[in-house]
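First up is the structure itself, then whatever we jot down about it.
The values are calculated or read from the model by the stated rules, or taken from the named source; none is laboratory data. Owing to the predicted nature of the structure, the values given are computational and were not obtained by experimental measurement. Virtual Cβ from ideal backbone geometry, glycine too; neighbours counted across all protein chains shown. We work out accessible area using only protein heavy atoms, side chains counted, and drop any ligands, DNA or RNA first. Shrake-Rupley method; radii C 1.70, N 1.55, O 1.52, S 1.80 Å.
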Amino acid sequence: MQRYFFKRFIRAVIVVWLVATTFFFALRMISDPVELLFSQSGMVTPQEKQAMREFLKLDSPIHIQYADFLFSAVQGDMGHSFRFRQPALPMLLGRLPATLELTFAALAIAAVIGSILGIVAALKPHTLVDHFTIFLSLLGQSVPVFWLGIVLMLIFAVQLGWLPATGRGDLSHLILPAFCLSTYPTASVARLLRSSMMDVMSQDYIRTARAKGLPETVVVIRHGLRNAAIPAITMLGLLLSRLLGGAVVVETIFDWPGIGSLAYKAISLRDFTMVQAASVVFGVAVVVTNFVVDMIYAWIDPRIRYA
Amino acid sequence: MSRGGEPSPDMRREPSGLSNRLPRLLRSPGALFGVPVVLLVVMAALFAQYVSPHDPFQQDLSLRLQPPFWEEGGEWSRPLGTDQFGRCLFSRIILGGRASIIVGVSAVLLSALIGIPVGLVAGYSRGRVDEVIMAIADVQYSFPFLFLALVLSYLLGPSLHNTVLALGFAGWVTYARVTRGEVLSIRERDYILAARAIGCSAARTVVRHVLPQVVTPLIVVGTLQTAWMIVVEASLSYLGMGVQPPTPSWGNILAEGRLHMLNSWWYATFPGIAITITVLGLNMMGDWLRDVLDPRSRLRSQ
């Protein structure tokens, strides 16, 4: 396990370095950050541009910039944001808990509701309940999150006044954004679990369990779900990156103070430093979650750690 | 993943010929809803100028924020009401569909154009090349797609053209992965060995003998990806980083409508319904195409 852990850790570090390097060069070479920054302003003198170039440390040769970038990044310095007038990395990290809260709430909803829908559909295949679940999950995979967010806000916050429309606070603030973010993963879990559950329930060991006289709930949960859940867990791991992307939209709509809404703000303000820092933070977030998922697998399934 | 060998019990039970499955396939929801919806949206987008009752750009401030026809103050000639400048919402949504279809289809083609050759090379050569390519692909695959697309359109500048480029370059990984997966199993078959034995070069083998076998799963993936690209385009346009007004796109109409949602519910509602129905149609059509073209994949994926 230790060796496996170490190997994975080295890999994770390389991936972070790769992501950071890719963004470092892409953000500088695809187009000029200073021109982008001033693209929405009116007349800007060459002197002002030069001053900005120096402020953003874009005036030295690129290999020196790169060395400087890596050296500072390792020390936790990702530059100073011009728009927000503060260091970029602490600002992003300060907003990380809000994003974690939102994404984990969405994951939890997806796991619970998705499982219930999937199991119910699988136990009553080709009935009205099943067809309804299939339709619901197809719909959940198709509805655009930002539209759903607006509609839910209009109904539950404006018309009914049951839930707050925006911001972060107690649990009531979390409900609408977390539900919105969870629609796609919930639907995916329901669809996958339905088919894997149907597959598992036709296996011989389920017949054996029933023949032993076990109660149906035990058969379904202990013998069925435990085996059917494995592919669904794998998929939840894959869906995490999609959730982080979705968080950019959901956080922006609900004014949720996480890294997603900050990243979007940075992009729309053409804040070069913040975009660069956010890219690295997203990269690290993905790598860390993949690393954790890998460790969980290795812990569950011993075959993996010795492979 | 292997496709050869013993047929599974399901395959024996069900005759695999298309003609035997056709009656059931034609009655499935994918055929009854998915395909017609997609055709309708594509037709409306192609012939937008003939279908729309009004010029989607013509402003008339005396008609601003008119409700749909069934509500008090609405009229038949502008069935879904008007927007903040008094433009016919129905006509704008039809033209917005054109942006979605153009971006969705072109982005998918661009991704495929990059991803398929990469996947062919990776899968056929295996070894080091494959390892490096797939390591890069895995990293990009696990990176949040929407954020990547946002950064790319920040770099390229927001426009319809650049949205296609951003989504196309961000999306190649899916095709590379699917192609590689298929190639890995195809390259072990006897007819590939035979082609090599009679002296076909590697390039010829890949293009003439491997590629045609990969096309079917790629058509299915492409259909499902078009749905996803349409959602991402709408998200980008909604966030102001995609198609720019006054050119209508479902995303930017929705963004404008959001500002008026308290007194003009229809403004943000109808473009959202248009996206949902189109994406639903494409998703159902993708699932249906998989059943029609590649029935074994269902079994493989389970």
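Here A:SER172 passes the criteria (1) closer than 28 Å to B:ALA268 by Cα; (2) crowded, with 16+ Cβ neighbours inside 10 Å; (3) away from every other protein chain (no Cβ under 14 Å) except the one numbered (2). Taking the conditions exactly as written (of a type in the set (A, V, I, L, M, F, W, C), part of a loop (DSSP other than H, G, I, E, B) and either open to solvent by 30 Å² or more (accessible area, probe 1.4 Å) or more than 30 Å from B:THR226 (Cβ to Cβ) (or both)), does A:ALA111 satisfy them or not? So A:ALA111 does not fit the description; no. Hey, any hits in segment A:114-124 for a residue that's part of a helix (DSSP H, G or I), buried (at least 23 other Cβ atoms within 10 Å of the Cβ) and over 25 Å from the mean Cα position of the chain (by Cα)? Checked against the condition, which is being part of a helix (DSSP H, G or I), buried (at least 23 other Cβ atoms within 10 Å of the Cβ) and over 25 Å from the mean Cα position of the chain (by Cα), segment A:114-124 yields at least one hit. Residues of segment B:249-262 that are surrounded by 23 or more Cβ atoms within 10 Å (Cβ to Cβ) and in contact with an Asp or Glu (Cβ under 9 Å, 6 or more places away or on another chain): B:SER249, B:TRP250, B:GLY251, B:ILE253, B:GLY257.
Look at segment A:202-231: where a residue is among the charged types (D, E, K, R) and a partner is open to solvent by less than 90 Å² (accessible area, probe 1.4 Å) and modelled with pLDDT of 85 or more, sitting 6+ places away or on another chain with Cβ atoms under 6 Å, you get A:ARG210/A:VAL219.
Would you kindly identify the helices (runs of 4 or more DSSP H) lying entirely within segment A:1-103 that contain at least 1 residues that are among the aliphatic types (A, V, I, L, M) and open to solvent by 70 Å² or more (accessible area, probe 1.4 Å)? I'd like the intermediate steps shown before the answer.
On the way: elements: A:2-29, A:33-38, A:46-55, A:62-74.
In segment A:1-103, A:2-29, A:62-74 are the helices (runs of 4 or more DSSP H) which contain 1 or more residues that are among the aliphatic types (A, V, I, L, M) and open to solvent by 70 Å² or more (accessible area, probe 1.4 Å).
Each residue in segment A:127-152 was checked for being aromatic (Phe, Trp, Tyr) and more than 10 Å from every other protein chain (Cβ to nearest Cβ), and 1 pass. Across segment B:121-133, the qualifying residues are those that are open to solvent by 20 Å² or more (accessible area, probe 1.4 Å) and not basic (Lys, Arg), and the one among them that is farthest from the other protein chains (Cβ to nearest Cβ) is B:TYR124. Looking across A:GLY283, A:GLY245, one residue alone is in contact (Cβ under 8 Å) with a residue 40 or more places away in the chain and within 9 Å of another protein chain (Cβ to nearest Cβ). It is A:GLY283. Scanning segment B:8-45 for residues that are open to solvent by 80 Å² or more (accessible area, probe 1.4 Å) and modelled with pLDDT of 90 or more yields B:LEU39, B:LEU40, B:MET43. Is it the case that some residue within segment B:243-250 is small (Gly, Ala, Ser), in a loop (DSSP other than H, G, I, E, B) and at pLDDT 90 or above? Yes, segment B:243-250 contains a residue that is small (Gly, Ala, Ser), in a loop (DSSP other than H, G, I, E, B) and at pLDDT 90 or above.
The single condition from (1) open to solvent by 40 Å² or more (accessible area, probe 1.4 Å); (2) at the interface with chain B (Cβ under 10 Å from one of its Cβ atoms) that A:ALA278 fails is (1). None of B:PRO79, B:PRO68 is open to solvent by 20 Å² or more (accessible area, probe 1.4 Å) and over 22 Å from B:ALA234 (Cα atoms) except B:PRO79. The C-beta contact set for segment A:24-37 (first residue touching a residue at least 40 places away in the same chain (Cβ under 8 Å) and facing chain B (nearest Cβ under 10 Å), second residue surrounded by 15 or more Cβ atoms within 10 Å (Cβ to Cβ) and part of a helix (DSSP H, G or I), distance under 6 angstrom, 6+ apart or interchain) comprises A:LEU27/A:GLN276; A:PRO33/A:PHE272. Only residues that are of a type outside the set (S, T, N, Q) and open to solvent by less than 40 Å² (accessible area, probe 1.4 Å) were counted in segment B:47-64, giving 3. A search for C-beta distances below 7 Å between a residue of segment B:284-301 that is among the hydroxyl-bearing types (Ser, Thr, Tyr) and assigned to a helix (DSSP H, G or I) and any residue that is open to solvent by less than 50 Å² (accessible area, probe 1.4 Å) and at pLDDT 65 or above, counting only pairs 6+ apart in sequence or on different chains, returns B:SER297/B:PRO217. Among helices (runs of 4 or more DSSP H) entirely within segment B:137-236, having at least 3 residues that are open to solvent by 10 Å² or more (accessible area, probe 1.4 Å), away from every other protein chain (no Cβ under 14 Å) and not small (Gly, Ala, Ser) singles out B:160-170, B:172-186, B:190-197.
Filtered by the rule that a residue be surrounded by fewer than 22 Cβ atoms within 10 Å (Cβ to Cβ), part of a loop (DSSP other than H, G, I, E, B) and not small (Gly, Ala, Ser), segment A:144-168 gives A:LEU160, A:TRP162, A:LEU163, A:PRO164, A:THR166, A:ARG168.
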